[in-house]
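Student: Pasting in a structure now, in structure tokens, and then I'll have a few things to ask.
Quick note: the coordinates plus some simple rules give every number you see, no bench work behind them. Everything quoted here is computed from the prediction, not taken from an experiment. Counting neighbours? That spans all protein chains shown, and the Cβs are built from the backbone with ideal geometry, glycine included.
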Amino acid sequence: MSGVVGTRHLVRLALRRDRVVLPPWIIVLGVIPAATAGLYDQLYPDQAGRASLTHAMSSNPSLSLLYGPAFDLSTAGGFTAWRYGSLIALVMGLVCVFTVTRHTRQEEDTGRQELLSSAVTGRYASLTAALITAGLTAAATGLVSAVAMIAAGLPPAGSIAFGLGIMLTGWVFSAIAAVSAQLAEYSRTANGIASAVVGATFLLRAVGDAASDLGWLSWLSPIGWASQLRPFAGERWWVLLLLLAATGVLAAVAYRLLPRRDVGIGILPAKPGPPVGAPGLRSPLGLAWRLHRGLLTGWLGGFAVMGALFGSMAAGIGDVVGDSAQAKEMFQRLGGASGMVDAFLAAISSIYGMIAAMYAVQATLRMRTEETGIRLEPLLATRVRRLRWVGSHLVFSLLGSALLLVVAGVATGLLHGLRVGYVSGQVPAVLGAAVAQIPAVWVVAGIAVLVFGAAPKYVMAGWSVASLSLALALYGPVLQLPQIVVDFSPFAHVPKLPSAAFTATPLLWLCLIAVVALAAGLTGFRRRDVG
Amino acid sequence: MDNAISISGLNKSFGSTKALNGLDLQVATGEVHGFLGPNGSGKSTTIRVLLGLLRADAGSVRLLGGDPWRQAADLHRRLAYVPGDVSLWPNLSGGEVIDLLGRLRGGLDQKRRRQLLERFDLDPTKKGRTYSKGNRQKVAIVAALASDVELLVLDEPTSGLDPLMEATFQYAIQEEREKGRTVLLSSHILAEVEALCDRVSIIRNGHNVETGTLGDLRHLTRTSITAELAGHPNGLSSLADVHDLKVEGNRVRFDVETHSLDKVLRQLTDVGVRSLTSQPPTLEELFLRHYSAEASAK
């Protein structure tokens, strides 16, 4: 047992380091299902609506793609497990991956591992401690969700099956991260490999559940197993054995790989970079491309998938909402009154805009990261002018966010058009609705630039502006806040295409506000101290 | 144009802290000028003002005949800068950073780049996040020295380099001097400045305490001697260049000006030497000794 000596201390250290990061995840992931279960009775009060729900939902492949197979939606528990089971398993998987990497590979990256290894700790102590920490996190999440669901009045058997499903998928992904931590030389790569595996298992389940002839695919995925456990729909307890076995096998692989490598080195060698700069790397824009391309590509992929999902869902939105007057009213408040489908398209276009604003803020704040990371100083000590440098980053926050909206609009219009057999009409209509959000996104980006230029210490306020704009436009109408408060959000002013008529005036005003904020931010940056 | 850098009466405050308080600095074209001061004395702030990164509150600042705040980008074509704390982009290799910075300055001498990489023993294929502090410093040094510029602004460039690499660096700076380049070398290590610089400016608390050639500053370069003698030391106190003499039985401790070392050592060996250590004074000691009175008068 000398290989794991010291594990207890390392677990305590890990739990202490993560005492702020992990509890919120445990609580949020644990409580969401029980909270939804409470809403079920309000959304579907009558017995007839509940009975028809299972058939309506399971006949829509895009819903199966997103949520998994609908086994039995006639009870609050069955509905909750369907609606949240695989999404929570996905997030739980990512939380476990990052936790394991943080306490294994990242410790080696920073050199802290050497310090620990020189003390009385066994060869396997760090890996064991990381697995125990992630495992405890998953167990706590499963426990919270089971207890909360039982407390909300759901059947104990289903609640316990649901909780165990969350816990054991967390364990499988912890073991996957334990393997990737042995393979990769840097924590970023280790996280990348393991997250890609998590994403791939979600995709396998999604395709397997959506395409009726490929159902076996979801049996290759731990996330698929979590839904095949069928909580609240005739639990199949033996599926838990699959999850346990996968955890055991993967962990064993990690323990076998560990002694085959040196501390700080991965089984897969790190790729060296090019010894000389490519010809394109000769301007601030060339550098900005290198700094932003990964982020932008990720967001573009996300927007394409999101657009395709919502687009394929749009035509069947009437079934999804069913007889729920409340949900119908919510969509109409967000998206305008004429026709459920158009209201839905308008509402999701608005949501695209709000999410694109998050990217715009993230890309803008990259400038502050460069500045505080003292990577800006050496650049400004060359012949690069300040405004040219800002411009190279704004290309990504302004044009990048516009591109995201174009991609989401085209993807939504295309999939919706294919489903209703009218691609040539739906693509321009939905694209127009998405593109109409651009001025509002630019207002948020402009304010972020203004804070960066004029009050760089408070640059995080950029996030507050984006979140507030989202919250006011999304929940303001539902919460029936006074219009004057909702109007603070730039998204409240965008015409609700395609359900409402197009009006240019508010868009021109938004553009003007964005330009003024940008100009003020640029002037501020030109005049202030750097660093 | 005689002076590459000309600063007079420079003030700069950050909130209520006065970082620079009437600083003067003249660097003649073609000289290697040492910019010496303890940590936190305002060296980096001065350099940032010179680079147009910070705006001066008061005073006049001329760099290569221009205004560093208004004409920053134009003047920067003619200089290269090595920051004291180098941070690299994590996903760019060292070679990419060297080429990027060189191209942004207006061109890189490929032959010199190859030569410097070899001399500094730097692997250009490693990614930014994997370099140690010393190697990050080398990336910035190679990028600066391989650029074709008139002025090198170096802010504590050798922090993090091992002694062997420090020697390589000193050799490279000698070459730059022979090419007629002007160098501003900030440091808190007296020996480094002594080895390289024609003239030295010493600052403390944001203003100058001393400027001159190394000869002018000879009184700063005393050697501290501690010795155990065979008998009682005689006549040391009468020598003109011996300072701060302390005698405890057969043990002596004193500072001596370098040009009198020979004479003093002869005196010691006449008595008989059992053990002897000598060391150059640290900058901190110098400041304590020479400027503590001035600081307490303030």
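Student: What is the calculated FRET efficiency for A:Val21 to A:Arg385, with r their C-beta to C-beta distance and R₀ = 60 Å, to the nearest 0.05?
Tutor: 0.90
Student: Could you derive backbone 3J(HN,Hα) for region A:352-366 from the dihedral phi with the Karplus parameters 6.51, -1.76 and 1.60 (θ = phi - 60°), listing whole Hz in sequence and x where the residue is Gly or Pro?
Tutor: 3, x, 5, 6, 4, 5, 5, 4, 4, 5, 4, 5, 5, 5, 3
Student: Kirkwood Rh over alpha-carbon pairs of region A:1-145, then Stokes-Einstein at 10 °C and 1.306 mPa s: what D in µm² s⁻¹, rounded to an integer?
Tutor: For these conditions, the coefficient is 90 µm²/s.
Student: Please give the charge dipole size of the protein assembly as shown, origin at the Cα centre, charges +1 on K and R Cβ atoms and -1 on D and E Cβ atoms. Round to the nearest 20 debye.
Tutor: 600 debye
Student: When the helices in chain B are scored as -39500 (n - 2.57) per DSSP H run of 4 or longer and the sum is shared across all residues, what 222 nm value do you end up with, to the nearest 500 deg cm²/dmol?
Tutor: For chain B, the value works out to -10000 deg cm²/dmol.
Student: Under the √(5λ) rule applied to the eigenvalues of the Cα gyration tensor, what semi-axes describe the equivalent ellipsoid of region B:11-88? Give them in Å, descending.
Tutor: 19, 16, 14
Student: While we're here: Lys/Arg Cβ at +1, Asp/Glu Cβ at -1, dipole of the protein assembly as shown taken about the Cα centre: which of A:Phe488, A:Pro33, A:Ser212 is farthest positive-ward?
Tutor: A:Ser212
Student: Helix-only estimate, please: 222 nm mean residue ellipticity of chain A, summing -39500 (n - 2.57) across DSSP H runs of length 4 or more and dividing by its residues, to the nearest 500.
Tutor: Mean residue ellipticity, 222 nm, calculated: -24000 deg cm²/dmol.
Student: Return B:Leu154, A:Leu285, A:Leu65, A:Leu345 ranked ascending by Cβ neighbour count within 10 Å, so the fewest neighbours appear first.
Tutor: Listed from fewest to most nearby Cβ atoms, that is A:Leu285, A:Leu65, B:Leu154, A:Leu345.
Student: Name the residue farthest towards the positive end of the dipole of region B:126-186 from the options B:Ser147, B:Tyr171, B:Gln137, assuming +1 on Cβ of Lys and Arg, -1 on Cβ of Asp and Glu, about the Cα centre.
Tutor: With unit charges placed on the Cβ atoms, the residue in question is B:Gln137.
Student: Near the amide H of B:Ala19, under 5 Å away, which other amide H atoms are found, from residues 5 or more places off or on another chain, if H is placed in the peptide plane?
Tutor: Placed amide hydrogens put B:Lys12, B:Ser13, B:Phe14 under 5 Å from B:Ala19.
Student: Ranking B:Cys197, A:Cys96, A:Cys511 by Cβ neighbours within 10 Å, fewest first, what do you get?
Tutor: Least crowded to most crowded, the residues run A:Cys511, B:Cys197, A:Cys96.
Student: Now, a different point. So for chain A, what are the equivalent ellipsoid semi-axes in whole Å, largest first, each being the square root of 5 times an eigenvalue of the Cα gyration tensor?
Tutor: Taking √(5λ) for each eigenvalue gives 38, 36, 20 Å, largest first.
Student: Just going by the charge dipole of chain A, with Lys and Arg at +1 and Asp and Glu at -1 on Cβ, which of A:Tyr67, A:Ala356, A:Gly421 is farthest out on the positive end?
Tutor: Result: A:Ala356.
Student: Give, rounded to the nearest 20 debye, the magnitude of the charge dipole that region A:1-100 has about its Cα centre when Lys and Arg contribute +1 at Cβ and Asp and Glu contribute -1 at Cβ.
Tutor: 640 debye
Student: Quick one: 3J(HN,Hα) in Hz for region A:380-389, Karplus 6.51/-1.76/1.60 with θ = phi - 60°, rounded, Gly and Pro as x.
Tutor: Those phi angles translate into 6, 7, 9, 7, 6, 7, 4, 5, 5, 5 Hz.
Student: Looking at chain B, what % of the alpha carbon pairs are farther apart than 28 Å?
Tutor: Across chain B, Cα pairs with separations above 28 Å total 47 percent.
Student: For a Förster distance of 35 Å, can you work out the FRET efficiency between the beta-carbons of A:Ala278 and B:Leu164, rounded to the nearest 0.05?
Tutor: 0.60
Student: Treating the beta-carbon of each Lys and Arg as +1 and of each Asp and Glu as -1, no other charges, what is the dipole magnitude of chain B about its Cα centre, to the nearest 20 debye?
Tutor: 860 debye
Student: Please list, in chain and number order, the residues 5+ apart from B:Val242 or on another chain whose amide H is under 5 Å from its amide H, with Hs placed from the backbone.
Tutor: The list, which skips near neighbours in sequence, is empty: none.
Student: Quick check for chain B: number of Lys pairs with alpha-carbon distance under 15 Å, counting only pairs 8 or more apart or on different chains?
Tutor: Here the count comes out as 5.
Student: Spin-label point model (7 Å from Cα, Cβ direction): what's the B:Asn21 to A:Trp219 distance in nm?
Tutor: That separation, rounded to one decimal, is 8.1 nm.
Student: May I ask you to evaluate 6.51 cos²θ - 1.76 cosθ + 1.60, the Karplus curve with θ = phi - 60°, for each residue of region A:397-410 and list the ³J(HN,Hα) values in order in whole Hz, giving x for glycine and proline?
Tutor: Values, residue by residue: 6, 8, 6, x, 5, 5, 4, 4, 5, 4, 4, 5, x, 5 Hz.
Student: Would you mind ranking A:Glu371, B:Glu248, B:Glu96 by Cβ crowding within 10 Å, fewest neighbours first?
Tutor: Listed from fewest to most nearby Cβ atoms, that is B:Glu248, A:Glu371, B:Glu96.
Student: How long are the three semi-axes of the equivalent ellipsoid of region A:230-272, in whole Å, if each is the root of 5 times an eigenvalue of the C-alpha gyration tensor, listed from largest down?
Tutor: Square roots of five times the eigenvalues give 37, 12, 6 Å.
Student: Now, a different point. Over the alpha carbons of region B:91-168, what is the largest minus smallest coordinate on each principal axis, giving the biggest first in Å?
Tutor: 30, 27, 21
Student: Average the reciprocal distances over every distinct pair of alpha-carbons in region B:69-115, invert the result, and give the Kirkwood radius in Å.
Tutor: 12.2 Å
Student: Could you list which residues have their amide H under 5 Å from that of B:Asn208, counting only those 5 or more apart in sequence or on another chain, with H placed in the peptide plane?
Tutor: Amide H neighbours of B:Asn208: B:Asp24.
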